[in-house]
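Undergrad: The structure follows.
The values are calculated or read from the model by the stated rules, or taken from the named source; none is laboratory data. Just so we're clear, the structure is a prediction, and the values are computed from it rather than from any experiment. In this analysis, Cβ positions are derived from the backbone assuming ideal geometry, glycine residues included, and neighbour counts consider all displayed protein chains. Heavy atoms of the whole protein, side chains included, go into the accessibility calculation; ligands, DNA and RNA do not. Shrake-Rupley method; radii C 1.70, N 1.55, O 1.52, S 1.80 Å.
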Amino acid sequence: MKRARKSAKAKRAAATRGKPSLRIVARGEKPIELYYWPTPNGWKISIMLEECGLPYVVKPVDISKGEQFTPHFLAISPNNRIPAIVDPSGPGGRPISVFESGAILQYLGRKTGKFYPQEERARVAVEEWLYWQVGGLGPMAGQAMHFRRYAPEQIIYAIARYTDEVNRLYGIMNKRLASHEFLAGRYSIADMACLGWVRLGERAGQDLSQFRHLKRWFETIRARPAVKRAFAIRVEAASAVNIRDARVRAVLFGQRAR
Ligand SMILES: N[C@@H](CCC(=O)N[C@@H](CS)C(=O)NCC(=O)O)C(=O)O
C-alpha cells in the first residue's frame, strides 16, 4: 500500500521534472542563468538545479577559448572561473549573481529550502563537508589531474604528492560513509559538491573499487534521475577541446594577474 502511494508520487514528480513549478510560472519568474562548462565544478550546480526542479538556462562559457575573461563574465565571476549563476528573482525580487560553487549551492539551498537543512546541527554537518570539498578534495584532485595529465613533463614528486593526498581524502570519505548513508547524514549539497571529483577519480589516479563505501555512495547518487539529467547536458564545443592544442594551453595554464 505504502509502496503504491510512493510510486504514484514518483510518477507525478517525473511528469513535472524539468518544468517550471506552477508557483514560479504564476509569478512569471525568469529562469536562473547557469554559466557552465561540463567539469566537476560545473556539475555541482546543474545537479542542484535539477534536484530542486528550478527552471534554468545553460550559458556555456568556453574556458578553452578564454570566454571566462570577457568583461560580461568577469562582472558575474571576478575569479574567471565557472560555475556562476544569475538569478533574475533574487532577494527583494531583484537579480543577483553568485560565483564560487560552494556559495551557489548554499544560495540555492536557502532559496529553495532543499538539501541544506535549517536545523543548526544538521546545517553544521553539511557545511563541514561542503567546505572540506571546496578547500580540499577539489583543489587536490585538480592538482593531481594537472600533474598526471596536463603538465608538459612528468614530475614524479608532484604526481605522488597530489595523488597520495586525493587517496587520503577518498579514505576520509570512505570511513565517513561506512557509518553514514551520505556525507552529512542526509543527501545534501555536500554530496553534490563531491560527486564530480569521484566521478573523475581515475584521472586523479584513484581506484574506486578500493573504497567500498565510497563506491556504494557514488553509485546511489549517480542513479538519481536528477543527477542523470545533469550529466546528460551536452556542450558540443567541450567534447572538441584538445588539451594538447597550444592555444588552449596558453589560455588555461600559466595564468597570472591581469
Ligand atoms: N573555487 C572555484 C573553482 C572553480 C574552477 O576551478 N573552475 C574551473 C573549471 S572546473 C574554471 O572555470 N577554469 C577556468 C580557468 O582556469 O580559467 C569554485 O568552486 O567554483
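Undergrad: Taking region 137-258 as the region of interest, what is the percent of Cα-Cα pairs per 10 angstrom bin, listed from the shortest bin to the one with the maximum distance?
TA: All Cα pairs, binned at 10 Å, distribute as 12, 36, 33, 18, 2 percent.
Undergrad: Over 29 Å between Cα atoms, which of Lys65/Lys215; Lys59/Lys215; Lys44/Lys65; Lys44/Lys175 qualify?
TA: Numbers: Lys65/Lys215 35 Å; Lys59/Lys215 32 Å; Lys44/Lys65 22 Å; Lys44/Lys175 23 Å.
In this structure, Lys65/Lys215; Lys59/Lys215 lie more than 29 Å apart at Cα.
Undergrad: Next question. Evaluate 2.2 N^0.38 Å with N set to the residue count of the chain, then give the Cα radius of gyration divided by it.
TA: Values: Rg = 19.1 Å, N = 258, 2.2 N^0.38 = 18.1 Å.
My calculation over the Cα atoms of the chain gives 1.05.
Undergrad: Residues with beta-carbon under 14 Å from that of Gly185, excluding Gly185: net charge, scoring Lys, Arg +1 and Asp, Glu -1? It would help to have the intermediate numbers written out before the result.
TA: Numbers: positive: Arg121, Arg123, Arg176, Arg186; negative: Glu119, Glu120, Glu127, Glu128, Glu181, Asp191.
For residues surrounding Gly185, the net value is -2.
Undergrad: Now, a different point. When the gyration tensor of region 43-136 is built from Cα positions, what are the square roots of 5 times its three eigenvalues, in whole Å, from largest to smallest?
TA: Details: eigenvalues 116, 54, 28 Å².
Listed largest to smallest, the semi-axes of region 43-136 are 24, 16, 12 Å.
Undergrad: Give me the net charge for the shell around Gly109: Cβ to Cβ below 15 angstrom, other residues only, Lys and Arg +1, Asp and Glu -1.
TA: Charge balance in the 15 Å sphere: -3.
Undergrad: On the protein heavy atoms, probe 1.4 angstrom, tell me the percent of accessible surface of region 159-258 carried by carbon and sulfur.
TA: 47 percent
Undergrad: So with the 1.4 Å probe, I'd like the accessible area per residue for region 124-164, rounded to whole Å². The partial results should precede the final answer.
TA: Numbers: 2290 Å² over 41 residues.
For region 124-164, the per-residue accessible area is 56 Å².
Undergrad: Related question: Can you report the principal axis dimensions of region 86-169 using only the alpha carbons, biggest first, rounded to whole angstrom?
TA: Computed over region 86-169, the largest-to-smallest principal extents equal 52, 30, 13 Å.
Undergrad: Extent of region 202-258 along each principal axis, from alpha carbon coordinates, in Å, largest to smallest?
TA: 42, 26, 23
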